Amino acid sequence: MALWDRLKDSAQTMQTQLQAKKTELKSGAFRDASMAMCALVAAADGSVDPAERQRVAALIASNDVLRNFPADDLQRRFDEYVNQLTRDFAMGKVGVLQTIGKVQKKPVEARAVLQIGIVIGGADGDFDKTEQGVVREACFAVGIDPSEFDL
């Protein structure tokens with residue numbers, strides 16, 4: 001099976017798993033960590049062009065699990081995290097990973113945040129090494145072994 005097919009299947013499986021846990025994923029910490037994760041994946045290469053920002057925002061708006069939250073609130077938080085990362089990637093990443101780490105004590109939320117990062121990273125058909133690297137760092141931030149997600 002080609003890498004793209006495996007990635008597509010994996011993203012679909014993760015989306016199905018997220019959907020099954022939708023009722024458990026309503027906390028503010030999950031909301032914030034999810035938006036931080038989306039921003040981190042979008043900015044993995046150190047920058048986010050307007051087209052990429054718009055594409056990720058559309059994915060966030062269309063994600064059924066994230067519909068637990070008002071779309072404008074998600075958009076605002078995503079933009080804040082992206083701005084933090086594009087101003088100073090190294091410092092921004094520290095803050096974003098701290099936000100992601102706040103779900104560490106809730107394994108269902110922590111795994112869901114990581115799954116959202118993988119779904120966002122793979123949405124363009126290329127979950128590249130930089131995106132995989134930031135999701136791996138997020139795994140460490142929430143205390144989950146990256147090998148659980150083949151990272």
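Results, tabulated for the structure shown:
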item	result
Filtered residues of region 104-136 (kept if within 13 Å of Ser34 (Cβ to Cβ) and of a type in the set (Gly, Ala, Ser))	Ala110, Ala112, Gly117
Residue match in region 93-111 (condition: open to solvent by 10 Å² or more (accessible area, probe 1.4 Å), in contact with a Gly (Cβ under 8 Å, 6 or more places away or on another chain) and polar (S, T, N, Q))	yes
Cβ pairs under 6 Å, 6+ apart, first in region 97-110 and of a type in the set (S, T, N, Q), second open to solvent by 30 Å² or more (accessible area, probe 1.4 Å)	Thr99/Asp32; Gln104/Gly143
Check on Gly143, at pLDDT 95 or above, more than 20 Å from Leu85 (Cα to Cα) and not β-branched (Val, Ile, Thr)	yes
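The values are calculated or read from the model by the stated rules, or taken from the named source; none is laboratory data. From a predicted model like this one, the values you see are computed outputs, not experimental measurements. Positions of Cβ are generated from backbone atoms using ideal geometry, with glycine treated the same way; all protein chains shown enter the neighbour counts. Accessible surface areas use protein heavy atoms only, side chains included; no ligands, DNA or RNA. Shrake-Rupley method; radii C 1.70, N 1.55, O 1.52, S 1.80 Å.
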